[in-house]
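Have a look at the structure below before the remarks.
The values are calculated or read from the model by the stated rules, or taken from the named source; none is laboratory data. Quick caveat: nothing in here was measured; it's all calculated off a predicted structure. Heads up, the Cβs are rebuilt from the backbone with ideal geometry, glycines too, and the neighbour counts pull from every protein chain shown.
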Amino acid sequence: MNKNIVVARTGNEAMAEAMRQINPDVVAAYPITPATEVVQLFASFVADGQVTTEFVPAESEHSALSACVGASSAGARVMTSTSSQGLALMHEILFIAGGLRLPIVICLVNRSLSSPINIHCDHSDSLASRDSGWLQIFTENTQEAYDSTIMAVKIAEEALMPVMVTTDGFIISHGMERVELVDDKEVPKWLGERVVKNSLLDLDHPITLGALDLQDYYFEHKRSQIDAMDHVLPIIDKAQNDFAKEFGRHYPILEEYKMDDAEVAILAMGSTGGTAKVAVERMRENGKKVGLIRCRVYRPFPREAMLKALTKVNVVGIMDRADTLSSMGGHLYNDCRSVLYDSNTKPILKNYVYGLGGRDISIEEIESIYEELLAFKKTGKVDKDIAYYGVRGE
Amino acid sequence: MKKEKKGWKDLPIGLVLEAGTSQEFETGDWRSDKPVWDSKKCTHCMICWIYCPDSAIIVKDGKVQGIDYRYCKGCGICAEECPPKVKAITMVREEK
């Protein structure tokens, strides 16, 4: 076990610290609120000679991720950071990085997408990219953001898939918390060198990368990417277990909190997980058996673990910090309904779409949702399938 | 030159192909008009060699030797660019 150094850091500072310790070969980025500090701090590490990274200040996020794709194809360990509109501008290149199986890591700070323009947290940016072939990890606090950034490099390079590690904009990114940092020397030691099979710069073994792929082979290449997504959960699990063995903090793919004897549960992602844990404690002090499921790895969707967790209780309130704008509610809600389709036992579900544009969700509000779920347990049905929680005029 | 197409499990990860695979792609199949080169008229100015988009002008020791019909798409650029007073290349309809 290594000694950890205890410091106070914001989510952005913690992600930048992780990047400093990782010392990637290339970082290409364009700043955007609320992720700006991640690369701003990293740029100062470059200027101060604390890292040996080639830093590329690009003219847009589209260019930034394109530069990452080039560098990663050459065999470099590559990272970047963005938010919201920045991720939307990267959208085209996200699919290219996914399809080329490049282990790029994005430190993503979740922020609402325009319009209306807003700089605060919801999950509309990351969830709009859920089908791009990237692994997506939603963190609950600063410590998890730091640890997950380090683990993401290992996962990406083992799986040959790009990874987004997300924090909730301002809530985590700008909130200062106690963080335990790993010793500087230990991070590169744990990660090792990136093993590169094919490099664009290897002139002795030249390759063609990203060639035109028409009716004859496109489907086969996509099928192999789909297969990689089907088999990546054990790779994530192994990295998380190795990290725990080395540094003492263990993260699950899907977190269950006080679920063993719970009658009703809330399913949430990101910082709301932390808020809900306090609500669970308070409810339990009053003898109410409630639990929390926190979806930490959202892509790929942990279907088996999710099925097991959901069917432990009678009622689940599914908290979505984004809407699919499809008249079908939020993303998690739809994924969970799909997971439950073949199950003989099903809990009843209510979707709470909440917190859009950074609207706060309090412990008391989550307690009131738990009270509502307990009432549904008694009646055996929910009042409505999809509710917009905390919006005026409902 | 017909190759068995691979199934998805046999493909290398990440759209990686060997280098120089365009050699296997015989674009000569596309041709409807064929350039015919006249060795007696040719001045070996190399203009056709510079312009050919498919590197289909065969050159040896600085002299044009002919046209590589495996790759020549029959675009006619060589015939168009061959100097007007030379006109060593003429386009002929492909007929079989």
Residues satisfying the stated conditions in segment A:26-44, i.e. of a type outside the set (A, V, I, L, M) and either surrounded by fewer than 19 Cβ atoms within 10 Å (Cβ to Cβ) or out of contact with any helix residue (DSSP H, G or I) (no Cβ under 9 Å at 6 or more places or on another chain) (or both): A:PRO31, A:THR33, A:GLN40, A:SER44
Selection from segment A:12-61 of residues in a helix (DSSP H, G or I), aromatic (Phe, Trp, Tyr) and either in contact with a Gly (Cβ under 9 Å, 6 or more places away or on another chain) or closer than 28 Å to A:SER112 by Cβ (or both) yields A:PHE42
Kindly indicate whether any position in segment A:106-119 is modelled with pLDDT of 95 or more, assigned to a strand (DSSP E or B) and touching a His at 6+ places or on another chain (Cβ under 7 Å). yes
Residue satisfying condition, being at pLDDT 95 or above and in contact with a Ser or Thr (Cβ under 6 Å, 6 or more places away or on another chain), within set A:GLY329, A:GLY357: A:GLY357
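Residues are listed down the side, and each one gets a yes or a no for (1) surrounded by fewer than 18 Cβ atoms within 10 Å (Cβ to Cβ); (2) under 18 Å from A:LYS154 (Cβ atoms):
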| site | (1), (2) |
| --- | --- |
| A:THR52 | yes, no |
| A:SER72 | no, yes |
| A:THR80 | no, yes |
| A:MET90 | no, no |
| A:ILE93 | no, no |
| A:GLY98 | no, no |
| A:ILE106 | no, yes |
| A:ASN110 | no, no |
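Results for (1) modelled with pLDDT of 95 or more; (2) surrounded by 12 or more Cβ atoms within 10 Å (Cβ to Cβ); (3) touching a Lys or Arg at 6+ places or on another chain (Cβ under 7 Å), shown as yes or no for each residue.
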| residue | (1), (2), (3) |
| --- | --- |
| B:LEU17 | no, yes, no |
| B:GLU26 | no, yes, yes |
| B:SER32 | yes, no, no |
| B:LYS40 | yes, no, no |
| B:THR43 | yes, yes, no |
| B:ILE50 | yes, no, no |
| B:CYS78 | yes, yes, no |
| B:CYS82 | yes, yes, no |
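Consider A:TYR146 carefully, then state whether it is in the same structural domain as A:ARG20 (by TED's automatic domain parsing) and surrounded by fewer than 17 Cβ atoms within 10 Å (Cβ to Cβ).
Spelling it out, it is not the case that A:TYR146 is in the same structural domain as A:ARG20 (by TED's automatic domain parsing) and surrounded by fewer than 17 Cβ atoms within 10 Å (Cβ to Cβ).
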Unique residue being in contact (Cβ under 8 Å) with a residue 60 or more places away in the chain, closer than 30 Å to A:ASP213 by Cβ and among the basic types (Lys, Arg) when the list is B:ARG31, B:ARG70: B:ARG31
Where A:LYS197 falls short, out of the listed (1) in contact with a Gly (Cβ under 8 Å, 6 or more places away or on another chain); (2) within 14 Å of chain B (Cβ to nearest Cβ); (3) surrounded by fewer than 17 Cβ atoms within 10 Å (Cβ to Cβ): (1)
Does A:ASP216 meet the test of being more than 27 Å from the chain's Cα centre (by Cα), away from chain B (no Cβ under 14 Å) and either over 17 Å from A:ARG303 (Cα atoms) or not in a helix (DSSP H, G or I) (or both)? no
Taking B:MET1, is it at pLDDT below 95, more than 14 Å from chain A (Cβ to nearest Cβ), farther than 30 Å from A:ALA74 by Cβ and under 18 Å from the mean Cα position of the chain (by Cα)? yes
Across segment A:88-135, the tally of residues that are in contact (Cβ under 8 Å) with a residue 40 or more places away in the chain, more than 14 Å from chain B (Cβ to nearest Cβ) and in contact with a Ser or Thr (Cβ under 6 Å, 6 or more places away or on another chain) stands at 14
Subset of segment A:334-345 [in a loop (DSSP other than H, G, I, E, B) and surrounded by 16 or more Cβ atoms within 10 Å (Cβ to Cβ)]: none
Any idea which of A:SER66, A:SER72, A:SER44, A:SER60 is touching a residue at least 12 places away in the same chain (Cβ under 8 Å), more than 25 Å from B:LEU17 (Cβ to Cβ) and among the polar types (S, T, N, Q)? A:SER60
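Yes or no, residue by residue, for (1) surrounded by 19 or more Cβ atoms within 10 Å (Cβ to Cβ); (2) within 14 Å of chain B (Cβ to nearest Cβ):
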{"residue": "A:LYS185", "(1), (2)": "no, no"}
{"residue": "A:GLY210", "(1), (2)": "no, yes"}
{"residue": "A:ALA239", "(1), (2)": "yes, no"}
{"residue": "A:TYR251", "(1), (2)": "yes, no"}
Do you know which residues across segment A:254-303 are over 23 Å from A:GLU144 (Cα atoms), free of Cβ contacts under 8 Å to residues at least 60 places away in the same chain and not small (Gly, Ala, Ser)? A:ASP260, A:ASP261, A:ARG284, A:GLU285, A:ASN286, A:LYS289
Just to verify a result, which residue in segment B:4-28, among those that are without any contact (Cβ under 8 Å) to a residue 40 or more places away in the chain and more than 8 Å from chain A (Cβ to nearest Cβ), is nearest to A:ALA228 (Cα to Cα)? B:ASP10
